[in-house]
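Working notes, structure below.
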């Protein structure tokens with residue numbers, strides 16, 4: 001149970017960090033490299049910003065007590081919630097004078113959410129198999 005509360009606290013801190021990253025004004029970022037390994041650095045930031053969301057939220061609930069079907073449903077709902085948050089951040093950024101709304105940022109967010117959701121599923125599957133072995 002302590003682990004669940006640790007993940008809940010981390011989730012709240014993570015969401016606060018995402019809010020700061022998405023809505024704060026960072027004028028010094030114009031000096032950041034435009035690309036990393038040929039990929040726009042902004043897209044990498046969006047990918048890695050949303051990658052932990054499914055993992056943190058999934059493990060904030062007690063997934064040990066759930067069957068495979070409930071786990072899949074829960075992960076789909078978490079992914080959908082993550083997409084809602086990602087779209088919401090882009091929408092709000094479109095209304096801020098110092099930010100812009102970029103649909104390709106939302107695509108990078110979704111890719112991070114997909115990878116995080118798959119990682120949560122694989123971790124749960126591995127733990128489940130190990131437990132039943």
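Every read-out reported here was derived from the displayed coordinates using simple, explicitly stated rules and does not represent laboratory data. Bear in mind the structure is a predicted one, so any value in this text is a computation, not a measurement. Quick reminder, even Gly has a Cβ in these numbers, built from the backbone with ideal geometry, and neighbours come from all protein chains shown.
Numbers for the structure displayed
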quantity	calculated
Hydrodynamic radius (Kirkwood) for segment 1-73, which is based on Cα pairs only, to one decimal in Å	14.6
Using alpha-carbon coordinates, inclination of helix 68-94 to the longest axis of the chain, degrees	10
For the chain, built as a Gaussian network whose Cα springs stay under 10 Å, the top-fluctuating residue of 123, 85, 114	123
Gain upon complete extension [residue 21, residue 95; 0.36 nm per residue less C-alpha separation]	25.1 nm
Mean Cα-pair separation over length for the chain, i.e. relative contact order, pairs under 8 Å, 6 or more apart, %	33
Matching label, volume of the Cα convex hull per residue in Å³ computed from the structure shown, candidates (1) 104; (2) 112; (3) 219	(2)
Among 69, 45, 18, residue whose mean-square fluctuation peaks in a GNM of the chain (springs only between Cα atoms under 10 Å)	69
Ratio of the Cα radius of gyration of segment 62-133 to 2.2 N^0.38 Å, where N counts its residues	1.44
Projected label distance in nm at residue 69 and residue 104, using a 7 Å step from Cα toward the beta-carbon	4.3
Residue 115 versus residue 9: modelled label distance in nm, points set 7 Å from Cα along the beta carbon direction	2.8
Rounded to 10°, Cα long-axis angle of helix 41-50 versus longest principal axis of the chain	30
222 nm mean residue ellipticity, helices alone, for the chain (DSSP H n ≥ 4; -39,500 (n - 2.57); rounded to 500)	-25500 deg cm²/dmol
